[in-house]
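Please find one structure pasted underneath; my questions will follow.
The values are calculated or read from the model by the stated rules, or taken from the named source; none is laboratory data. Note that the structure is predicted; figures quoted are calculated from it, not measured. Cβ coordinates were reconstructed from backbone atoms using ideal geometry, including for glycine residues, and neighbour counts include every protein chain displayed. The accessibility values were calculated without ligands, DNA or RNA, using every heavy atom of the protein model including side chains. Shrake-Rupley method; radii C 1.70, N 1.55, O 1.52, S 1.80 Å.
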Amino acid sequence: MRYVRLDTPKPISKIGLGTWQFGSKEWGYGPEYERRAAEIVRRALDLGVTLFDTAELYGFGRSERILGAALGDDRAKVVVASKIFPLLPVAPVVQQRAVASAARLGVDGIDLYQVHQANPVVADTTTMRGMRSLQDVGLVGEVGVSNYGLRRWRFAEAALGRRVLSNQVRYSMIDRGPEEDLIPYAEQAGRIVIAYSPLAQGFLSGRYDATNPPAGAVRRANPYFLPENLERGTQLIATLREVADAHDATPSQIALAYVLRHPNVVAIPGASGVEQMERNAAAAEIDLADDEYAALVAAAHAFRPVTGLAAVPRMVRARLGG
């Protein structure tokens, strides 16, 4: 495993574990999955993974409980990250919710506490006042944000009066917005971009095509999995496979290596089983050659999916089987 070269109390692994699926019915959660979740976490620890990301919203607290129980006595050795859902995120509420998350996780302090989404009404001034108080009493180590643009990220830092270590955003080969400003800022300022959905919810795995679309409510709601977009992605997946063959790897591992090539980016893919966790962790060791990275960039730029409002009627037809 490789780690981010930053001054943090605990090392932060380049590959972390995202736990949205822990306790979430939309990902097929059930009693059997809870046992499997513990196995995934234990194997991640064996592989040197130190970043474990959850949120109070995931499974309405179940993800935090499952993760905390699975980590057991190792909770103090790793970076436990959670997120507050920004419903009225004024200072007293932020403090109360942090206490509740820490209790569910079974920790004395949350290593990285993040604002899950920018609130359009409540200013970060009051939110960060709550975060600062949590840091002052030792309940929170580092503060982070999620789904923030660069301007608001920097404003949050000014409001906190300290570094806001991380910004967790959607980032993958086909969601490259962070490359424009967030990643350059992170590298210049000594911050971290945490990439969620680094495999575009499995689109980049090569498992799906127009004749074999995914099942499950989450992926069905993602326009990338429209048959037209799966067809348009054929060349992109072919390029991933070509590079993967050169490294005796999988397309998913190469897609992860693409985002990890940036020194201040870490990725938090989910894992449905121990083997997937092992493959994800191994991706941190892949070094892409310059020409391979250039080929991936070119293939990603050539991919033009139907998204936004244009995708809505197509998704409705797909749902209705038309």
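Quick check on the stretch 145-163. Is at least one of its residues of a type in the set (Ser, Thr, Tyr) and more than 30 Å from Ala249 (Cα to Cα)?
The answer is yes; a qualifying residue exists.
When the stretch 246-304 is examined, which residues are found to be without any contact (Cβ under 8 Å) to a residue 60 or more places away in the chain, of a type in the set (Asp, Glu) and assigned to a helix (DSSP H, G or I)?
Scanning the stretch 246-304 gives Glu275, Asp290, Asp291, Glu292.
Go through the stretch 72-85 and give me each residue that's closer than 15 Å to Ile268 by Cβ and surrounded by fewer than 24 Cβ atoms within 10 Å (Cβ to Cβ).
Val78, Val79
Taking interchain pairs and intrachain pairs at least six residues apart, which have beta carbon atoms under 8 angstrom, with the first residue in the stretch 151-174 and farther than 12 Å from Val266 by Cα and the second open to solvent by 60 Å² or more (accessible area, probe 1.4 Å) and in a helix (DSSP H, G or I)?
Pairs that qualify, where the first residue is farther than 12 Å from Val266 by Cα and the partner is open to solvent by 60 Å² or more (accessible area, probe 1.4 Å) and in a helix (DSSP H, G or I), are Ala159/Thr125; Ala159/Arg129; Leu160/Arg132; Gly161/Arg132; Arg162/Arg132.
Can you pull out the residues in the stretch 33-53 that are in contact with a Gly (Cβ under 8 Å, 6 or more places away or on another chain) and modelled with pLDDT of 95 or more?
Val49, Thr50, Leu51, Phe52, Asp53
I'd like to know if the stretch 182-198 contains one or more residues that are of a type outside the set (A, V, I, L, M), surrounded by fewer than 16 Cβ atoms within 10 Å (Cβ to Cβ), touching a residue at least 40 places away in the same chain (Cβ under 8 Å) and in a helix (DSSP H, G or I).
Within the stretch 182-198 (the criterion being of a type outside the set (A, V, I, L, M), surrounded by fewer than 16 Cβ atoms within 10 Å (Cβ to Cβ), touching a residue at least 40 places away in the same chain (Cβ under 8 Å) and in a helix (DSSP H, G or I)), the answer is yes, since at least one residue qualifies.
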